[in-house]
Amino acid sequence: MQAKLALLPGDGIGPEVLAAARPVLDKLSEIYEHSFIFQEGLIGGVAIDETGHPLPERTLETCRNADAVLLGAVGGPKWDDPNAALRPEQGLLGLRKQLGLFANLRPVQPHPALLESSPLRPERLAGVDLLVVRELTGGIYFGQPRRRQRLESGEVQAVDTMVYSQEEIRRVARLAFQIARTRRSKVTSVDKANVLECSRLWRQTVAQTAADFPDVSLENLLVDAAAMHLLTRPATFDVILTANLFGDILTDEASVLSGSMGNLPSASLGETRNTHGHPLGLYEPIHGSAPDIAGQGIANPIGTILSLAMLLEHSLGLVAAARTIREAVKETLDAGYRTADLASPGQTSLSTRQMGVKIVERMQTVILPNETVNQF
């Protein structure tokens, strides 16, 4: 297979973790004889510095013409002025909106060798294997009106609007139920229906959608209860379906289950199909730009490398290649290799590049034959 990939290194540790992922693709080309064509683009703070906009039109066109997009991270203190008209995060939000990427998938499956890295007791992590499906292009992040205004008293008032239509809710709910059918057939819908009108519509629409999936059980939870249960009974979750704001917060909380935000990947999918007939997707680790460690070569590349595995599976249908990456990551961790965020006191840690090299070395020993196309 030949595939065109857009690479957006972005800011902070983004270029470092993407650089660690490139050799993984090179190794896959050697093992499976796939051909990957790369085109880089600017996004975020570096794009503001070089072009005056966090999402240049050239970058957007590069992504539109690609089969999938792999992103590093955006943002940093250099661009944190709250009064600035343009911020790095607008580039990422704009890219999701322009590509119609309405669903964000964030899997959380703690590795057995890393249970001690989590602040939770190991027995609470037993059997944890959940997937958060977050609505990505609606809600309070995109709702209008969105403004600041001066009141008659002279005080400044800020307004953000949470807006959802039935169709926005229905399409992401359908995806969540479809995915649940490939897992353990349970969806937990998270909202704030006791307070928010948007959430009451959300709960009603999800219930209506559930009627088309009688083989999948539906559980409703308020977001505050869900936040608590993620720490007290995480193994009871299968697929968590939730709105944009709640998903953003809950997935960062869920990252502690794995021991580090650096371990977790994500995929953002929509209805647009690429040249191979699969969803055009944006793939990125869930961590931010981590400016405090940028340039030191100590960032954890696992989340980026596992995001690459999701890219291969969902946007290219290369399931065997994706499983090869995941098995290589598992064996690398089983062998005791750690980056600084995962190392125990006194344990030697690897650099970003070294961790990537160790994963590539193990890919040769876990080659999986045959390819099957993802079914949802």
Checked Ser315, Ser260 against criteria (among the small types (Gly, Ala, Ser) and closer than 29 Å to Ser349 by Cβ); the one match is Ser260
Looking at the structure I just gave you, is Val46 outside any strand (DSSP E or B), touching a residue at least 24 places away in the same chain (Cβ under 8 Å) and either within 17 Å of the chain's Cα centre (by Cα) or under 12 Å from Thr304 (Cβ atoms) (or both)? no
Reported set for region 19-49 where residues are hydrophobic (A, V, I, L, M, F, W, C) and farther than 17 Å from Thr352 by Cα is Leu28, Ile31, Phe36, Ile37, Phe38, Leu42, Ile43, Val46, Ala47, Ile48
Determine whether region 185-207 contains at least one residue that is crowded, with 16+ Cβ neighbours inside 10 Å, in contact with a Lys or Arg (Cβ under 6 Å, 6 or more places away or on another chain), in contact (Cβ under 8 Å) with a residue 40 or more places away in the chain and among the hydroxyl-bearing types (Ser, Thr, Tyr). yes
The helices (runs of 4 or more DSSP H) lying entirely within region 71-182 that contain at least 1 residues which are within 24 Å of Glu313 (Cβ to Cβ) are 88-98, 166-181
Quick check on region 218-238. Is at least one of its residues crowded, with 16+ Cβ neighbours inside 10 Å, touching a Gly at 6+ places or on another chain (Cβ under 6 Å), touching a residue at least 12 places away in the same chain (Cβ under 8 Å) and not assigned by TED's automatic domain parsing to the domain that holds Gly72?
no
Of Asp215, Asp224, Asp238, the only residue that is among the acidic types (Asp, Glu) and within 17 Å of Leu105 (Cβ to Cβ) is Asp238
Only one of Leu196, Leu201, Leu221 is touching a strand residue (DSSP E or B) at 6+ places or on another chain (Cβ under 9 Å), of a type outside the set (Gly, Ala, Ser) and modelled with pLDDT of 95 or more, namely Leu221
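The values are calculated or read from the model by the stated rules, or taken from the named source; none is laboratory data. It should be emphasised that the depicted structure is a prediction, and the values quoted were computed from it without experimental measurement. For neighbour counting, all protein chains shown are included, and Cβ atoms are generated from backbone atoms with ideal geometry for every residue, glycine included.
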